[in-house]
Amino acid sequence: MARPDFVVIGAGPAGAAFAYEAARRGFSVSVYEQAPWPGFKACGWAVPQQLERIMPIPREVVLTEIRGFRVYLDGRLVHEKTGVKWGYIIDKRAFLENMLHESTLYTKKPVKLDARNLRVLGNVEHPTRSYVIAAGSSSLPQDERIYATQMIIRSEAPVEEEVVEFWFDRSLVGYYWVFPRSGRVVDVGVGGIGSPKDFVEKLREFVKHRFGGDGYQPIEAIKGSWINIGGFDEKRFYSIPPVIGEAAGFVYPLTGEGIRPSIVSGIAAVRRAEGEPLPEVLTHTVRWIKAQKQILEAVRKASPETRAKILARLPVDVFVGLGVGELSPLQLLRALPALPASIASVLRNALRK
């Protein structure tokens, strides 16, 4: 049996994107995933439409289109915008399997790694070109992590399929989300800085508050996962073998969004392997990961009252722009009255670059 050109460890967004791009260029790829299927990790399944600039999103994996959102602070609606397409709720497993369909996928295949020396030790194939480590945050030591929990419920009352909700509590460095997957099936979660036990309890209480004690039925038990927000790790990404995705810090620290930045890292790693210039979207992504990390540090140090003031006064388009890493100079000018000097300085530097 012929050896593959690349062996990818991990079938999450980064590993799947690498396999997709490599296979598209005619390389053979084997992908090893320790979970029963790709996309097993707890995830909100929401992606902004900016992802389509990087790769196509098959219509069959789209569950709902996001055309509006509501932002709550301490239970009070502070922002609302509808009628403008923001992104999608996707079937993450179907999306990843679509990217992997031209590669050989092995599931339930944990691979042992030497984390210090970035070596693959397990019983896997030997590639003719390179291994690629895309095994997520659990595979390598992380400097800083947040925790997220989610549950899938069936609402007794219909929900607006095209509207997502973000709920903030001034005492929490993090947020709750409500992402409809259909007119009645909803992904509800909470993530941020805290302990798994605390977040499980917070989630239970929030679901009761939002949907009523008897207004929903659980479809899946509560799932949780750690998320690496340590920031872009240049040494890992440029190592041999390369480390991509969450293990290399490709997560937006403010939002916990990892699908899009991880895909960027996977495609960029193929281009690097081919000796091609790295795409501009990689530079842009890394810049905003760094900026969001600095903003998060400032938010953590701020008082609960200051955090609440920022959320309540931010213009709605600036709120979205900060989250997706698409803030314009004009939006920054509009946001300055609501921002502490430390955060405004970070954003000015990011835009100047």
Regarding segment 223-230, can at least one residue be identified that is in contact with a helix residue (DSSP H, G or I) (Cβ under 8 Å, 6 or more places away or on another chain) and assigned to a helix (DSSP H, G or I)? no
When restricted to Glu246, Glu205, Glu276, the only residue over 25 Å from Ile295 (Cβ atoms) and in a helix (DSSP H, G or I) is Glu205
Give me the pairs: first residue in segment 209-236 and without any contact (Cβ under 8 Å) to a residue 60 or more places away in the chain, second residue in a helix (DSSP H, G or I) and crowded, with 18+ Cβ neighbours inside 10 Å, beta-carbon distance under 6 Å, and six or more apart or on different chains, which are they? Phe232/Val286; Phe232/Ile289; Asp233/Ala248
State whether the residues of segment 114-125 include one that is among the basic types (Lys, Arg), modelled with pLDDT of 95 or more and more than 19 Å from the chain's Cα centre (by Cα). no
Which condition number in (1) within 18 Å of Ala46 (Cβ to Cβ); (2) in contact with a Phe, Trp or Tyr (Cβ under 8 Å, 6 or more places away or on another chain); (3) surrounded by fewer than 21 Cβ atoms within 10 Å (Cβ to Cβ); (4) of a type outside the set (Lys, Arg) is the one that Ser262 fails? (3)
Return the residue satisfying two criteria in turn: it lies in segment 54-86 and is closer than 15 Å to Val318 by Cα and of a type in the set (Phe, Trp, Tyr), and of such residues it is nearest to the chain's Cα centre (by Cα). Trp86
Options Trp37, Trp86; residue that is in a strand (DSSP E or B) and modelled with pLDDT under 95: Trp86
Val111 versus (1) assigned by TED's automatic domain parsing to the domain that holds Val243; (2) of a type in the set (A, V, I, L, M); (3) under 30 Å from Asp169 (Cβ atoms): which is the lone unmet condition? (3)
Only residues in segment 270-285 that are farther than 17 Å from Ala19 by Cα count as the first member; pair them with residues that are among the aliphatic types (A, V, I, L, M) and at pLDDT below 95, Cβ under 8 angstrom, at least 6 apart or cross-chain, and list the lot. Val281/Ile54
Identify, please: which residue in segment 231-243 is farther than 19 Å from Arg287 by Cβ and outside any strand (DSSP E or B) and is, among those, nearest to the chain's Cα centre (by Cα)? Pro242
Does Glu257 satisfy being assigned to a loop (DSSP other than H, G, I, E, B) and either acidic (Asp, Glu) or more than 19 Å from the chain's Cα centre (by Cα) (or both)? yes
Among residues of segment 1-36, those that are within 30 Å of Gly321 (Cβ to Cβ) and either of a type in the set (Gly, Ala, Ser) or surrounded by fewer than 19 Cβ atoms within 10 Å (Cβ to Cβ) (or both), counted: 5
Just one of the numbered conditions (1) part of a strand (DSSP E or B); (2) buried (at least 17 other Cβ atoms within 10 Å of the Cβ); (3) more than 17 Å from the chain's Cα centre (by Cα); (4) not small (Gly, Ala, Ser) is not true of Arg154; which one? (2)
Can you tell me which residue in segment 168-190 is surrounded by the most Cβ atoms within 10 Å (Cβ to Cβ), limited to those that are in contact with a helix residue (DSSP H, G or I) (Cβ under 7 Å, 6 or more places away or on another chain) and not hydroxyl-bearing (Ser, Thr, Tyr)? Val190
Taking the criterion of being of a type in the set (S, T, N, Q), crowded, with 18+ Cβ neighbours inside 10 Å and touching a residue at least 12 places away in the same chain (Cβ under 8 Å), would at least one residue in segment 37-53 satisfy it? no
Would it be correct to say that Leu336 is of a type in the set (A, V, I, L, M) and either in contact (Cβ under 8 Å) with a residue 60 or more places away in the chain or assigned to a loop (DSSP other than H, G, I, E, B) (or both)? no
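The values are calculated or read from the model by the stated rules, or taken from the named source; none is laboratory data. Remember, predicted model here, so these are calculated numbers, not experimental data. Quick reminder, even Gly has a Cβ in these numbers, built from the backbone with ideal geometry, and neighbours come from all protein chains shown.
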